[in-house]
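The values are calculated or read from the model by the stated rules, or taken from the named source; none is laboratory data. Here the structure is a predicted model, which is why all the values come from computation and not from measurement. Ideal geometry is used to build each Cβ from the backbone, glycine not excepted, and the neighbour counts take in all protein chains shown. All accessible areas refer to the heavy atoms of the entire protein, side chains included, with ligands and DNA or RNA removed. Shrake-Rupley method; radii C 1.70, N 1.55, O 1.52, S 1.80 Å.
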Number of protein chains: 2
Amino acid sequence: MAEHNALLCPALDKVAGEEFLQKAFQIMLEEGVRKGMDASEKVCDWKEPEELQQILDLDLKDGGEPQERLLDRCRDVIRYSVKTCHPRFFNQLFSGLDPHALAGRLITEMLNTSQYTYEIAPVFVLMEEVVLKKLRELIGWEEGDGLFSPGGSISNMYAMNVARYHRFPDCKQKGNWAIPKLAVFTSQECHYSIQKGAAFLGIGTDNIYLVAVDEKGKMIPADLEKKINQAKSERAFPFFVNATCGTTVLGAFDPVAEIAEVCARHKIWLHVDAAWGGSALLSQRHRHLLNGVERADSVAWNPHKMLMTGLQCSAFLLRDNSGLLQRCHCAEATYLFQTDKFYNRAYDRGDQTIQCGRKVDCFKLWLMWKANGTRGLEQRVDRAFAMTRYLADEIKKREGFQLVIEPEFINLCFWYVPPSLRGKEGCTDYCLRLGKVAPMIKERMMKKGSMMVSYQPLGNRVNFFRQVVTNPAVTREDLDFFLDEIERLGRDL
Amino acid sequence: MAEHNALLCPALDKVAGEEFLQKAFQIMLEEGVRKGMDASEKVCDWKEPEELQQILDLDLKDGGEPQERLLDRCRDVIRYSVKTCHPRFFNQLFSGLDPHALAGRLITEMLNTSQYTYEIAPVFVLMEEVVLKKLRELIGWEEGDGLFSPGGSISNMYAMNVARYHRFPDCKQKGNWAIPKLAVFTSQECHYSIQKGAAFLGIGTDNIYLVAVDEKGKMIPADLEKKINQAKSERAFPFFVNATCGTTVLGAFDPVAEIAEVCARHKIWLHVDAAWGGSALLSQRHRHLLNGVERADSVAWNPHKMLMTGLQCSAFLLRDNSGLLQRCHCAEATYLFQTDKFYNRAYDRGDQTIQCGRKVDCFKLWLMWKANGTRGLEQRVDRAFAMTRYLADEIKKREGFQLVIEPEFINLCFWYVPPSLRGKEGCTDYCLRLGKVAPMIKERMMKKGSMMVSYQPLGNRVNFFRQVVTNPAVTREDLDFFLDEIERLGRDL
Ligand SMILES: Cc1ncc(COP(=O)(O)O)c(C=O)c1O
Ligand SMILES: Cc1ncc(COP(=O)(O)O)c(C=O)c1O
């Protein structure tokens, strides 16, 4: 029984482990947090994939490595990663670093548990409920249901599945073959997860009816009505309307109140994809953008975007309070959700999800909320609007900058027109040439490491920048730098 | 422009933020890691939900709270959470705390990026590829594809969706209505995510054919063949066989090689759910349990279970190398996956997933692998088998303990029969009474905080314990304690 004797000692060195954690944490603070938030450092030390592969020596080998080498590896990983907390990182719908949210994330990682049962996550089961309730209150619901999912895309899929089950409960057992062909309605500007969801759920992307938008990118309710009638005439069953509050590119808000009218008339489930724009609900000044959201049947809202909780934190919220979520998803596994538990089984919420193990995503948001209060979060939201307003005003003053649309939210969409193209709007190749400006400026800023902002074409608009600031550490100086740098990088194009 | 002037200063105090992080980290080490791993501390300070709600004061208010109060809150959250790193935590298929994996998680949280593009996650895009390649090599594939998903359940859903698309690519556009009714095959003992997946994907749980298992809980290939023929006769189209390697309760391995024969004969996609058992592939001694896995079309494997990376870390692996994953899931959003990027777009892998933002789940595994090497991980796997072997041997020596089955993997399933029931196997209420023993012992251990282990009924077997050890910090002393404690807690029942 030599093997049994080997079990006399632990095969993990706790002291060395703690020492490693201490050192790795200090590296993280120094190289990641402190340098990452320092405007004089690079946003990213850009390398081409082949070069980076060489530098990092990623291959996994038979033998282990000494602690010092591993710490160097941590340094390298941080060094060559993008600093999304940098004050000049404007590339994504998330940015910045909130210390309380990060502390919540670190402790979550250390505790390493799963949300499925009260037994295994007593604190977080209760906490998730409180946070979801707060989000529902901001929507305007006194009651309801919900959960945190791994992202807005999956939250949107939950909505589609619950809506399908609500109308055709048989589908869960019998599949789509037993129910009429379904039709989904969403605007042309919606997030691509609606498409991915329709494909994944066996509904099919052809059964999505794309509703037209106005010049601001908002869904036109009259066209929704038209598309619903068209679907009916095509023998499809309209079951799901998705209204986007805060579209990904333009930041447009579909007119939810009017859409709700149409849905009520046709008895269709109304889902609001507020993954991006939901956080405007925190602001007394700006929450009107989501007017009517309380009439939705379900809402997706990602605190990991505007609220800076860190990935992943997406709430799927439901107005239903009858246990629809549970009925729709339950599988009643007796190895996990035992019926003879010694505590109240109602606290075991895991069977209402499509997951089994589910990461704890509520604590980071909760701790940040406790630290700032609702008012502190409101101020951040208002500040983000003010930053966008400031930049939009500056853009109007500067030659060569042109807004794509007046921002209603915090997506700042604009073209930079270099001197060589100014006044040439009439030329046949103007659009073609303008469309090449943003990618070239982007390449230059990446290689320089000075900042990051994204660009994209949209419909018949050629490539334009979409700049987003959610990070409260950003100042006017960073915003001025942003515009100056675009000019510096692009004026010779 | 008072509002614009407010932007002159950052609205985030970096110095205070760093100080908070330092303090929160030290609390985490002290209260979570050090005490959490200490066998003399409680696994969990159990409170009933109502009481815990009182203690924690979870409500979110308008105002923020001072730093000291927030640190107390962190202490409380840790205190009342279950210590899954405790050497007497045997409740879940995950446990323990690997310091390198945790360091990787902390740095991942700090960097807070998303896996979708090379631009935003250069290091992690490359790293994910390397880690997936290593896992595929262990399966026995020279080539292939894959991604990390938020869990084994979602990995299994990926498999089902890719299999469906592979056979009926039209389904993506046209939905299930355009294709024949599909049939899924899986054993009675499979994980419930197969059921959840069939419902979510619009296939329906009635279209799952449950294949019979032998007395060890392994799928019977002859019955699979029978069920396939039955489905065909019922005009269902057999498209997907799920073989489980490491069932959730018994730890049984379906005979993959034989199942692969059946699948080949009928041209059906073979998926192996090795979420639990996949890590046995690291062991030269035990990898035979998965013989034939290289013939699978796809595999789900969760390093967050046996390998201790921490939640969430689930690999979905595909043998296909033709871009099936991409074709199946792509939506070609031009705001994210621009076609005119300055670097090689092949590195932007995000469009092959059903997600948009996707958490970085590879770094924790990679760093742990670099620290231990493949051999170090192999030793851990072998140790877990040895611990189970030790306990099974002890159980045979002890009166009142009875194995449910001889463990093949590291699920140790057994009954504890208290003295009052010994020799009463013939009594009519024996099973009824025995079924109440495990829940009562569980309640007692929870309230005492001495350890945690799960129990469940299975088929016609009444409640039995399922004990699992993956944590290398566990010693023989902990294992002896485990059996002694069961006796102490249960002998009067
Ligand atoms: C409007 C909208 N909905 C949904 C999503 C998807 O959210 P996630 O990235 O968390 O999946 C996004 C992401 O940008 C979005 O902009
Ligand atoms: C065999 C098996 N497959 C899949 C899963 C699901 O994995 P996850 O919890 O990561 O969703 C489990 C979870 O216990 C499992 O045991």
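The mean accessible area for residues of region B:371-490, using a 1.4 Å probe and ignoring ligands and nucleic acids, is 36 Å² per residue. Copy A relates to copy B by a rotation, and the A residue whose beta-carbon is nearest that axis, with the distance in whole angstrom, is A:Gly202, 1. Note that region A:120-132 has calculated 3J(HN,Hα) couplings of 9, 8, x, 5, 7, 5, 5, 5, 4, 4, 5, 5, 5 Hz, one per residue in order, obtained from phi through the Karplus relation 6.51 cos²θ - 1.76 cosθ + 1.60 (θ = phi - 60°); glycine and proline are x. A cut-off of 5 Å between modelled amide H atoms, ignoring neighbours fewer than 5 places along the same chain, links B:Tyr455 with B:Arg466.
Tell me whether chain B comes out rounded, prolate or oblate; compute the Cα gyration tensor, take square roots of the eigenvalues as a ≥ b ≥ c, and use a/c under 1.5 as the rounded threshold. Because a/c hits 1.5 or more and a/b fails to exceed b/c, chain B counts as oblate. Solvent-accessible surface of region B:16-78, averaged per residue with a 1.4 angstrom probe and all protein chains in place: 44 square angstrom. List the residues of region A:10-33 whose accessible area drops by at least 30 Å² when all protein chains are present, compared with their chain alone, using a 1.4 Å probe and counting only protein heavy atoms. In region A:10-33, residues shielded by partner chains: A:Pro10, A:Ala11, A:Leu12, A:Lys14, A:Glu18, A:Phe20, A:Leu21, A:Gln22, A:Phe25, A:Met28, A:Leu29.
Counting Cβ atoms of other protein chains within 10 Å of each Cβ in A:201-211 and taking the mean gives 5.
Remark: label point of B:Ala16 defined 7 Å out from Cα along the Cα-Cβ vector; separations to the same position in other copies 4.2 nm, ascending. Residues whose amide H comes within less than 5 Å of that of A:Tyr209, counting only those at least five positions distant or on another chain, are A:Val184, A:Phe185, A:Thr186 (H built at 1.01 Å from N in the peptide plane). Assuming charge only on the beta carbon of Lys and Arg (+1) and of Asp and Glu (-1), the dipole of region A:270-399 about its Cα centre is about 500 debye to the nearest 20.
Going from the chain on its own to the full set of protein chains, region B:371-387 has these residues losing 40 Å² or more of accessible surface (heavy atoms, 1.4 Å probe, no ligands, DNA or RNA): B:Arg375, B:Arg383, B:Ala386.
Sparse packing (at most 14 other Cβ atoms within 10 Å of the Cβ) combined with a DSSP loop state is found for the following GluC sites (Glu not before Pro) in region B:209-282: B:Glu215, B:Glu234.
FRET efficiency for the A:Arg491 to B:Ala212 pair, using the beta carbon distance and R₀ = 51 Å, is estimated at 0.10. Couplings 3J(HN,Hα) of region B:23-36, computed from phi: 5, 4, 5, 5, 4, 4, 5, 5, 7, x, 6, 5, 5, x Hz, in residue order, whole Hz [Karplus 6.51 cos²θ - 1.76 cosθ + 1.60, θ = phi - 60°; x for Gly and Pro].
Accessible surface ranking for B:Arg235, A:Arg466, 1.4 angstrom probe, highest first: B:Arg235, A:Arg466. Taking 28 Å as the cut-off for C-alpha to C-alpha distance, list the pairs among A:Lys305/B:Lys35; A:Lys227/B:Lys172; A:Lys397/A:Lys442; A:Lys14/B:Lys14 that go past it. Over 28 Å Cα-Cα: A:Lys305/B:Lys35; A:Lys14/B:Lys14. Antiparallel DSSP bridges in region A:131-280: what percent, to the nearest 5? If I count the DSSP bridges inside region A:131-280, around 10 percent turn out antiparallel. Surface composition of chain A: carbon and sulfur make up 49 percent of the accessible area, probe 1.4 Å. Couplings for region A:48-63, taken from phi via the Karplus curve 6.51 cos²θ - 1.76 cosθ + 1.60 with θ = phi - 60°, read 5, x, 5, 5, 5, 4, 4, 4, 7, 6, 7, 4, 9, 10, 5, x Hz in order; Gly and Pro are left as x.
For chain B, the relative contact order is 19 percent, taking Cα pairs closer than 8 Å that sit 6 or more residues apart in sequence and dividing their mean separation by the residue count.
Calculated [222 nm] ellipticity per residue, helices only, for chain B: -12500 deg cm²/dmol; basis is -39500 (n - 2.57) per DSSP H run with n ≥ 4, divided by all residues, nearest 500. For region B:82-96, a drop of 50 Å² or more in accessible area on going from the chain alone to the assembled protein chains (1.4 Å probe) is found at B:Val82, B:Gln92, B:Phe94. Once B binds A, the 1.4 Å probe can no longer reach about 16100 Å² of accessible area, counting both sides. Dimensions of the protein assembly as shown from C-alpha coordinates, computed as largest minus smallest value along each principal axis and given longest first, are 96, 63, 54 Å.
For A:Phe237, the residues 5 or more places off, or on other chains, whose built amide H falls under 5 Å of its own are A:Lys181, A:Leu182, A:Ala183. Of the GluC sites (Glu not before Pro) found in region B:337-425, those in coil by DSSP whose Cβ has at most 15 other Cβ atoms within 10 Å are B:Glu399, B:Glu425. Shown for A:Asp59: label points 7 Å from Cα along the beta-carbon vector, and their distances to the equivalent points in the other copies, 6.1 nm in ascending order.
If the Kirkwood radius is taken over C-alpha pairs of region A:371-490, then at 37 °C and 0.692 mPa s the Stokes-Einstein diffusion coefficient equals 215 µm²/s.
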